[in-house]
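> Just passing along the structure, written as C-alpha cells.
The values are calculated or read from the model by the stated rules, or taken from the named source; none is laboratory data. Computed from a predicted structure; not experimentally measured. So basically every Cβ, Gly included, is an ideal-geometry build from the backbone, and we count neighbours across all protein chains shown. Side chains included, ligands, DNA and RNA excluded: accessible areas come from the protein's heavy atoms. Shrake-Rupley method; radii C 1.70, N 1.55, O 1.52, S 1.80 Å.
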Amino acid sequence: MEDDSNHFSKPETPNTMKAEAEAEERDPESNSSLSEPLLKRNRTLSSNPLALVGATVSHIESLDYEINENDLFKHDWRSRSKVQVLQYIFLKWTLAFLVGLLTGLIATLINLAIENIAGYKFLAIVGFIKEERYLSGLVFFTGVNFVLTLVAAVLCVCFAPTAAGPGIPEIKAYLNGVDTPDMFGATTLLVKIVGSIGAVSAGLDLGKEGPLVHIGSCIASLLGQGGPDNYRLQWRWLRYFNNDRDRRDIITAGCSSGVCAAFRSPVGGVLFALEEVATWWRSALLWRTFFSTAVVVVVLRAFIQICNSGNCGLFGTGGLIIFDVSDVKVSYQAMDIIPVIIIGIIGGLLGSLYNHLLHKILRLYNLINQKGKLHKLLLALSVSLFTSVCQYCLPFLAQCKACDPSFPEVCPTNDRSGNFKQFNCPDGYYNDLATLLLTTNDDAVRNIFSSNTPSEFQYTSILIFFTLYCILGLFTFGIAVPSGLFLPIILMGSGYGRLLSMLLGSYTNLDQGLYAVLGAASLMAGSMRMTVSVCVIFLELTNNLLLLPMTMIVLLIAKTVGDSFNPSIYEIILELKGLPFLDANPEPWMRNLTVGELANAKSPAVTLSGVEKVSRIVDVLKNTTHNAFPIVDQDVLVPGTVVTGATELHGLILRAHLVQALKKKWFLAEKRRTEDWEVQEKFNWVELSERELKIEQVAVTHDEMEMYMDLHPLTNTTPYTVVESMSVAKAMVLFRQVGLRHMLIVPKYQGAGVPAVVGILTRQDLRAYNISTVFPHLATHKEQQKHK
C-alpha cells in the first residue's frame, strides 16, 4: 500500500488558519440561532477527485447504483417477457455458483502451492540442521525466501500495482460507490494469485486471507462483465449485468466467497461482507452470497478428501476446521471473567496502537516508494531478508525442552509441520521457538492454539515470538506484494493471549490455547473493529461453541476501547489513499448546515433544455467536468390544466449519454420532440451503460453544430431530489444508503424568477473535510484535525 502525500496532503492556507483560530475562540453551535444562515465560508466548495489506486494517482469517478429510469429503460422493462425475467434470475444464481466454484478452486490451488513450496523448503532446512551445517541452512533459507519475494514484488511493481496489499479497502470503497480503476482486471487477478503464493511461501508475516477476498471479487467482476476488457463475451444474456448495480451484487458475493475460502467459514464470510465491506444490503443478496460460500465449502471439502489420500504432495491432512480446539473442555468460573476483560482491554489498546504506528510507517513507505520501482523492490527484499534471518536465528536462543510422554503428538518431530520440532536439540528434546518460527504462518497459529499442553512453551519463547511478530506485523504490511492483515494480527494476538495465561498460571481454569484464541480475537476487534463476523469466523475456525460467551465479551470490549482512540485500520488506509468513502454516521455539526447553503458555496449548476442545440451541448461537455446535467424546460403547459408558462424539471441526463448521443448523430434539423419509435431505432439501453467514450473522441461538423438534439428520451425522469432546507447530515445519510451519484437540490419556494434547480450534490461535496474547509466555524478544531 502506498500513499502519495504530494497529492493527498491538505495544506492550510492563511485564511484557513485564521478561520480555525476564530473557531476556537467561539462555539458557533451555542451562540448562533438555528434559523440564521450559517454562510460564513472562506472559499468556494471544491473537491479533489484524485486518489491513489495501486501505484497510480487516478481520477476517481462515482458509480451509478441508481436505476436510470429514462424512456429506453421503461420500454425495455415493459417489453420483458416472463421468460426473460426468469433468465435474469437464473443467470444471477448461475454467476453466484460460478463465483463460488472458481474461488474455491483457486483457493485450493494457492493452498496446495504454498504448502508444497514451504514444505520442501523446511525439509531441506531440517537436512542442513541434522548435518549441523547451520550457516549453509541460513543461506539456503534466506536465498529461497529472497527469490520468492522477488517474484511476488516484480509482478506487483511491474505488471499490476493494484495487486499489492490486501485490496479490501478498495473493495470497500467500490461497494460504497467509488470506481477504483484497474482493481478487478484479469492481470490483477493473475498477479494476485501468483504473488500470494510467492509472498506467503517466502515466510513473510502476511496472510492469504486479504488477497483471497480480492481474488474472489476479481472473479466476480470478470464473470459479470463477460471477461477481460479486450476479450469480452458478447453473450446476449450478459447484457442484463452491464450496469453498476448488478455488478456490485456480484462483487459482494465474490468478497464473501474469498473470506470463506480463506477461513473455511461460510457463515463468517457472509457476515464479513455484511459488516465490513458492503454499504448496501438486501435479503436477496444475502441468499446469493450464502449460496456462493456454500459452493466454496463443498469444493474445499472435496479437495481435502482427495488430499487425505496422499495425492497432494506435502499438503497436510485435516478437515474444514483449521485451528480445531474442540477437544478442550471449557469450564470457567466467575473469577475467569476478570482475565477475559483484561484480554479485551489489552486487545483494544494494542489494536489502536498498532493502527497508529502502521499509519506512520505507511507514510514512511510512501516516501520510499515515490523514488521509483527499484526502491519498492529493495524495500520488499530488505523486509524478506530481515524476516528470514530472524526466523532462522532466533530459535538458537531457546533452550531445548524434554519431551513429555503426555504430549498428544509425536515428540520430537523433523517433519514439515508438527508441534514439537527438534531443530538443533538432541533426541528426546524439542525447540519450542523453532516450532513457532520455522513453519508456515498457518501452522504457527495451529501450534500456539494447541490445547492441553500447559508446559509446551517457555515464557521467553512466547515473549520473543510476540515481540518479533509485532515488529514484522508493522514493517511487512505496505511492501509491494499481495498481503493480508488477518494472519499477522492473529499471530500477535495469540502471542500475548498465551503469555497472559502463562503468567496467570493456576489462577485461571481456562486452557492456554483458549487464551491464545481470545487474544487473537481481541486484537482483531481492536484493530479492524469487527465483532459479529470475527466472532462467527473464530467459532468456525476453532469448532468450539463453548467459547462463544467469552469471545463475545472480548470482542465488544476490544472494539469499544479501540474506537476511543482512532478509526479501524481499513478506514485509515482509505483516508491515506484519498478514496472518497462516505461514513455511515455524519458529523454532528452537519445538522447545522443546509444543502441550499452548501450549494451556494459551489459554482452554479449547468442546465440544458429538453431540446437543445448541438453547439450548446458540445460547449458544455468540453468546458465543464460535470457528469450530469439537469434538464429544464420553460413555458410548459401543465398537464390537466390550462396553466401555461410553467417551468418543468424534466430530470437528469448523464454526460456519458450525451456523448453517446453525439456519437450516434442523434441530430434534428428542427427544434421538436421525437417519437418513441425514432428513439428505439437509434438506441438501446445496453449501449447507454458504456462510459468509456470521451467527448474528445467524437467529431461534430460545423453544420451539425446548428442542429438540435431531443434529450427527453435519454433523461432520467426520476432523479432523487431534496429541498434546499434539508440538513447536510440528513442528505448524506440518504445519499449513502440509496447509493447515489448525484442529488438534485430544488428550491423551497416556487414562483416567477425562481430557478428549477438550486444545485447538484455529489459524493465529494458531502465529505466532512471538504465542507469544513469552506465552513470552518462549524467544526471544532479537534474534528478538523481528525480529517487531516
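> Count, please, the residues in region 590-630 that happen to be among the small types (Gly, Ala, Ser) and open to solvent by 20 Å² or more (accessible area, probe 1.4 Å). Lay out the reasoning, then the answer.
Pass one, region 590-630, residues among the small types (Gly, Ala, Ser): 596, 599, 601, 603, 605, 609-610, 615, 628.
Okay, now just the ones that are also open to solvent by 20 Å² or more (accessible area, probe 1.4 Å), so 603, 605, 609, 615.
Count: 4.
> Against the conditions (1) touching a helix residue (DSSP H, G or I) at 6+ places or on another chain (Cβ under 7 Å); (2) under 22 Å from Ala153 (Cβ atoms); (3) open to solvent by 10 Å² or more (accessible area, probe 1.4 Å); (4) not aromatic (Phe, Trp, Tyr), where does Gly473 fall short? Just the number, please.
(3)
> Anything in region 63-81 that is outside any helix (DSSP H, G or I) and not charged (D, E, K, R)? List them, or say none. Break it down stepwise before answering.
Restricting attention to region 63-81, the residues satisfying the condition of being outside any helix (DSSP H, G or I) are 63-70, 80-81.
Listed by number, the residues that qualify are Leu63, Tyr65, Ile67, Asn68, Asn70, Ser81.
> Has region 689-696 got any residue that is under 30 Å from Val595 (Cα atoms), open to solvent by 10 Å² or more (accessible area, probe 1.4 Å) and not small (Gly, Ala, Ser)?
Our first condition is that a residue be under 30 Å from Val595 (Cα atoms); within region 689-696, this holds for 689, 691.
Narrowing the set further to residues that are open to solvent by 10 Å² or more (accessible area, probe 1.4 Å) leaves 689, 691.
Still in the list and also not small (Gly, Ala, Ser): 691.
Yes: region 689-696 contains one or more residues that are under 30 Å from Val595 (Cα atoms), open to solvent by 10 Å² or more (accessible area, probe 1.4 Å) and not small (Gly, Ala, Ser).
> Can you give me the number of residues within region 412-448 that are modelled with pLDDT under 85 and open to solvent by less than 10 Å² (accessible area, probe 1.4 Å)?
Within region 412-448, residues that are modelled with pLDDT under 85 and open to solvent by less than 10 Å² (accessible area, probe 1.4 Å) number 2.
> Which ones in region 113-143 are in contact (Cβ under 8 Å) with a residue 24 or more places away in the chain and among the hydrophobic types (A, V, I, L, M, F, W, C)?
Ala113, Ile114, Ile117, Ala118, Phe122, Leu123, Ile125, Val126, Ile129, Leu138, Phe141
> Okay, moving on. Kindly indicate whether Leu518 is over 24 Å from the mean Cα position of the chain (by Cα), crowded, with 24+ Cβ neighbours inside 10 Å and either more than 30 Å from Asn369 (Cα to Cα) or not aromatic (Phe, Trp, Tyr) (or both). If you could, list the steps in order and put the result at the bottom.
On the way: over 24 Å from the mean Cα position of the chain (by Cα): yes; crowded, with 24+ Cβ neighbours inside 10 Å: yes; either more than 30 Å from Asn369 (Cα to Cα) or not aromatic (Phe, Trp, Tyr) (or both): yes.
For Leu518, the condition - over 24 Å from the mean Cα position of the chain (by Cα), crowded, with 24+ Cβ neighbours inside 10 Å and either more than 30 Å from Asn369 (Cα to Cα) or not aromatic (Phe, Trp, Tyr) (or both) - is met.
> I would also like to ask the following. If His375 satisfies all but one of (1) at pLDDT below 85; (2) within 38 Å of the chain's Cα centre (by Cα), what's the number of the condition it fails?
Of the numbered conditions (1) at pLDDT below 85; (2) within 38 Å of the chain's Cα centre (by Cα), the odd one out for His375 is (1).
> Checking the structure you have, find out if any residue of region 646-656 is open to solvent by 10 Å² or more (accessible area, probe 1.4 Å), in a loop (DSSP other than H, G, I, E, B) and at negative phi. Break it down stepwise before answering.
Quick first cut of region 646-656, residues open to solvent by 10 Å² or more (accessible area, probe 1.4 Å) only: 646-650, 652, 654-656.
Filter once more, keeping what is in a loop (DSSP other than H, G, I, E, B): none.
No; the residues of region 646-656 include none that is open to solvent by 10 Å² or more (accessible area, probe 1.4 Å), in a loop (DSSP other than H, G, I, E, B) and at negative phi.
> Report every pair of residues separated by at least 6 positions or lying on different chains whose Cβ atoms are under 7 Å apart, first residue within region 708-731 and within 28 Å of Trp677 (Cα to Cα), second polar (S, T, N, Q) and crowded, with 20+ Cβ neighbours inside 10 Å.
Taking only residues 6 or more apart or on different chains, the pairs are Pro713/Asn70; Leu714/Asn70; Thr715/Asn70; Asn716/Asn68; Asn716/Asn70; Thr717/Asn70.
> So which residues in region 68-92 are touching a residue at least 12 places away in the same chain (Cβ under 8 Å) and either exposed (fewer than 13 other Cβ atoms within 10 Å of the Cβ) or of a type in the set (Lys, Arg) (or both), if there are any at all? Explain how you work it out, then say what you get.
From region 68-92, those touching a residue at least 12 places away in the same chain (Cβ under 8 Å) are 68-73, 75-76, 87-88, 91-92; that's our starting set.
Passing the criteria: only Lys92.
> Considering every residue within region 722-732, establish whether at least one is assigned by the TED database to the domain that holds Lys663, farther than 21 Å from Thr624 by Cα, touching a Lys or Arg at 6+ places or on another chain (Cβ under 8 Å) and in a loop (DSSP other than H, G, I, E, B).
Within region 722-732 (the criterion being assigned by the TED database to the domain that holds Lys663, farther than 21 Å from Thr624 by Cα, touching a Lys or Arg at 6+ places or on another chain (Cβ under 8 Å) and in a loop (DSSP other than H, G, I, E, B)), the answer is yes, since at least one residue qualifies.
> Anything in region 676-704 that is assigned to a loop (DSSP other than H, G, I, E, B), farther than 16 Å from Asp71 by Cα and among the aliphatic types (A, V, I, L, M)? List them, or say none. Full working, then the answer.
As a first pass, look at region 676-704 and keep what is assigned to a loop (DSSP other than H, G, I, E, B): 683-686, 690-694, 698-701.
Next, only the ones that are farther than 16 Å from Asp71 by Cα stay: 690-694, 698-701.
Correct list: Leu693, Val698, Ala699, Val700.
> Being under 30 Å from Val139 (Cβ atoms) and modelled with pLDDT under 90 is true for just one of Gly54, Gly119. Which residue is that? Even if it seems obvious, please write down each step before you answer.
Working: Gly54 fails: under 30 Å from Val139 (Cβ atoms).
Exactly one of Gly54, Gly119 is under 30 Å from Val139 (Cβ atoms) and modelled with pLDDT under 90, namely Gly119.
> In the set Val340, Val389, Val383, which member is among the β-branched types (Val, Ile, Thr), open to solvent by less than 20 Å² (accessible area, probe 1.4 Å) and over 26 Å from Ile573 (Cβ atoms)?
Val340
> Sticking with this structure for a sec: Does Leu190 qualify as being closer than 19 Å to Ile251 by Cβ, open to solvent by 10 Å² or more (accessible area, probe 1.4 Å) and at pLDDT 95 or above?
Numbers: closer than 19 Å to Ile251 by Cβ: yes; open to solvent by 10 Å² or more (accessible area, probe 1.4 Å): yes; at pLDDT 95 or above: yes.
Here the answer is yes, as Leu190 does meet what is asked.
> Looking at region 757-780, is at least one residue at pLDDT 90 or above and either open to solvent by 50 Å² or more (accessible area, probe 1.4 Å) or hydroxyl-bearing (Ser, Thr, Tyr) (or both)?
The answer is yes; a qualifying residue exists.
> Only one of Ser283, Ser265 is crowded, with 24+ Cβ neighbours inside 10 Å, over 18 Å from the mean Cα position of the chain (by Cα) and not aliphatic (A, V, I, L, M); which? Write out each step before concluding.
Details: Ser283 fails: crowded, with 24+ Cβ neighbours inside 10 Å.
Answer to the selection: Ser265.
> Then there is this: What residue, of Pro604, Pro630, Pro639, is farther than 23 Å from Gln697 by Cβ and at pLDDT 90 or above? Let's see the steps before the verdict.
Values: Pro604 fails: at pLDDT 90 or above; Pro639 fails: at pLDDT 90 or above.
Just a single option satisfies the conditions, and that option is Pro630.
> Still on this model: Would you kindly identify the helices (runs of 4 or more DSSP H) lying entirely within region 527-577 that contain at least 1 residues that are touching a Pro at 6+ places or on another chain (Cβ under 6 Å)? Walk me through it before giving the result.
On the way: elements: 532-542, 548-563, 569-577.
It comes to 569-577.
> Now, a different point. So, in region 174-223, how many residues would count as being under 16 Å from the mean Cα position of the chain (by Cα) and in a helix (DSSP H, G or I)?
Residues meeting the conditions: 19.
> So, one more: Quick check on Leu367: is it among the aliphatic types (A, V, I, L, M) and either open to solvent by 10 Å² or more (accessible area, probe 1.4 Å) or without any contact (Cβ under 8 Å) to a residue 60 or more places away in the chain (or both)? Outline the logic, then answer.
On the way: among the aliphatic types (A, V, I, L, M): yes; either open to solvent by 10 Å² or more (accessible area, probe 1.4 Å) or without any contact (Cβ under 8 Å) to a residue 60 or more places away in the chain (or both): yes.
So Leu367 fits the description; yes.
> So Arg673 fits all but one of (1) touching a helix residue (DSSP H, G or I) at 6+ places or on another chain (Cβ under 7 Å); (2) part of a helix (DSSP H, G or I); (3) open to solvent by 50 Å² or more (accessible area, probe 1.4 Å); what number is the exception?
The number of the failed condition is (2).
Residue-by-condition table, conditions (1) in contact with a strand residue (DSSP E or B) (Cβ under 6 Å, 6 or more places away or on another chain); (2) farther than 26 Å from Ala605 by Cβ:
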site: Asp633; (1), (2): yes, no
site: His650; (1), (2): yes, no
site: Ala656; (1), (2): no, no
site: Trp666; (1), (2): yes, no
site: Gln680; (1), (2): no, yes
site: Lys694; (1), (2): no, no
site: Val698; (1), (2): no, no
site: Met705; (1), (2): no, no
site: Asp710; (1), (2): yes, no
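> Just to check your reading of the model, which residue among Val85, Val147 is out of contact with any Leu (no Cβ under 9 Å at 6 or more places or on another chain), under 16 Å from Val194 (Cα atoms) and not in a loop (DSSP other than H, G, I, E, B)? Steps first, please.
Working: Val85 fails: under 16 Å from Val194 (Cα atoms).
Matching residue, one of Val85, Val147: Val147.
> Restricting to region 599-636, what's the tally of residues that are touching a Leu at 6+ places or on another chain (Cβ under 8 Å), farther than 12 Å from Leu744 by Cα and either among the hydrophobic types (A, V, I, L, M, F, W, C) or assigned to a helix (DSSP H, G or I) (or both)?
Of the residues in that region, 11 qualify.
To keep it simple, each residue is scored yes or no on (1) surrounded by fewer than 24 Cβ atoms within 10 Å (Cβ to Cβ); (2) at pLDDT 90 or above; (3) outside the structural domain of Leu541 (by the TED database).
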{"position": "Arg133", "(1), (2), (3)": "yes, yes, yes"}
{"position": "Thr142", "(1), (2), (3)": "yes, yes, yes"}
{"position": "Phe159", "(1), (2), (3)": "yes, yes, yes"}
{"position": "Ile171", "(1), (2), (3)": "no, yes, yes"}
{"position": "Leu204", "(1), (2), (3)": "no, yes, yes"}
{"position": "Pro211", "(1), (2), (3)": "no, yes, yes"}
{"position": "His214", "(1), (2), (3)": "no, yes, yes"}
{"position": "Leu223", "(1), (2), (3)": "yes, yes, yes"}
{"position": "Asn243", "(1), (2), (3)": "yes, no, yes"}
